[in-house]
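Below are the structure tokens for one structure; questions will follow.
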Amino acid sequence: MGKLTVETCEIEGLKVLTPQVFGDARGYFMETYSKRDFAEAGIDVEFVQDNQSASKRGVLRGLHFQKNFPQDKLVRVVSGEVYDVAVDLRPGSKTFGKWFGVLLSAENKKQFFIPKNFAHGFLVLSDYAEFVYKCSDFYHPDDEGGLLWNDPEIGVEWPLQEGVELTFSEKDTKWGGIAEYKATH
């Protein structure tokens, strides 16, 4: 393999990936995705859709998931810096309801693989960030679910910045907590 460093996380299935970067006086080159290298890393997924979003400092998106059409996601930041979080929602998982977070930035070039049946969200820490992700299923607007970003039962430790007001979409302020999720699943 050699072109990809893979870090496993305390929650099985989550992986932080760092590509090998080749740099010189002109700039740099890296492979952001190679089906062969990812399969060797244990990620044998067919991605069908790429998405990109741009956000300003303090924007918190999530925690989102698809209910009936769950998606594997491979996420990375191409400009700026975000704190990216995944919450385990896999039925019967020994880490159900647990979260893991990782700093993703244009500088560190890390990628985060999030398997199906995880809620996902991120907080923008830089003045501006562009976030890119691959998905293994198409987005189904009527299938979207979410968890409240600050549910105390989940207890995500977001790196909140002093003096920065958080910005949310309206729907992200109305999701229920994991107790409500458990009661309906």
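Pull out the extension gain between L103 and Y33, defined as 0.36 nm times the separation in residues minus the alpha carbon to alpha carbon distance; nm, one decimal.
23.3 nm
Which percent of the accessible heavy-atom area of the range 59-185 goes to carbon and sulfur, probe 1.4 angstrom?
Summing carbon and sulfur atoms, their accessible area is 50 percent of the total for the range 59-185.
In nanometres, what is the gap between the two model label sites at K174 and E40, each 7 Å from Cα along Cα-to-Cβ?
With each label point 7 Å from Cα toward Cβ, the separation is 4.8 nm.
As an exercise, identify the trypsin sites (Lys or Arg not before Pro) in the range 1-35 lying in DSSP coil whose Cβ has no more than 13 other Cβ atoms within 10 Å.
Hits after loop and neighbour filter: R26.
If you don't mind, there's one more thing I want to ask. Report, by chain and number, residues whose modeled amide H sits under 5 Å from the one on G177, excluding near sequence neighbours (fewer than 5 apart, same chain).
For G177, whose amide H was placed from the backbone, the distant partners under 5 Å are L148.
Sticking with this one: Show me, for the range 168-174, the HN-Hα J-couplings you get by feeding each phi into the Karplus relation (A = 6.51, B = -1.76, C = 1.60, θ = phi - 60°), rounded to Hz, glycine and proline as x.
My calculation for the range 168-174 gives 10, 6, 4, 5, 6, 8, 10 Hz in order.
Which parts of the range 116-155 would a label at T184 reach, counting a residue when its backbone N lies under 12 Å from a point 7 Å out along Cα-to-Cβ?
143-148
Another one. Can you match Rg/Rh (Cα atoms, Kirkwood Rh) to one of these, (1) 1.14; (2) 1.02; (3) 0.96, based on a calculation from the structure here?
Entry (3).
Turning to a different aspect of this structure: In the range 1-108, what GluC sites (Glu not before Pro) fall in a loop by DSSP, with at most 16 other Cβ atoms inside 10 Å?
Loop-located and lightly packed - E10, E12, E31, E46, E107.
Just the accessible area per residue of the chain, please: how many Å² with a 1.4 Å probe?
53
Mind listing the long-range amide H neighbours of K98? Cut-off is under 5 Å, sequence gap 5 or more, other chains count too, H placed in the peptide plane at 1.01 Å from N.
HN-HN under 5 Å from K98: D88.
The values are calculated or read from the model by the stated rules, or taken from the named source; none is laboratory data. What you see is a predicted model, and the numbers here were worked out from it, not measured in a lab. Don't worry about glycine lacking a Cβ; one is built from the backbone with ideal geometry, like all the others, and counts go over all protein chains shown. Heavy atoms of the whole protein, side chains included, go into the accessibility calculation; ligands, DNA and RNA do not. Shrake-Rupley method; radii C 1.70, N 1.55, O 1.52, S 1.80 Å.
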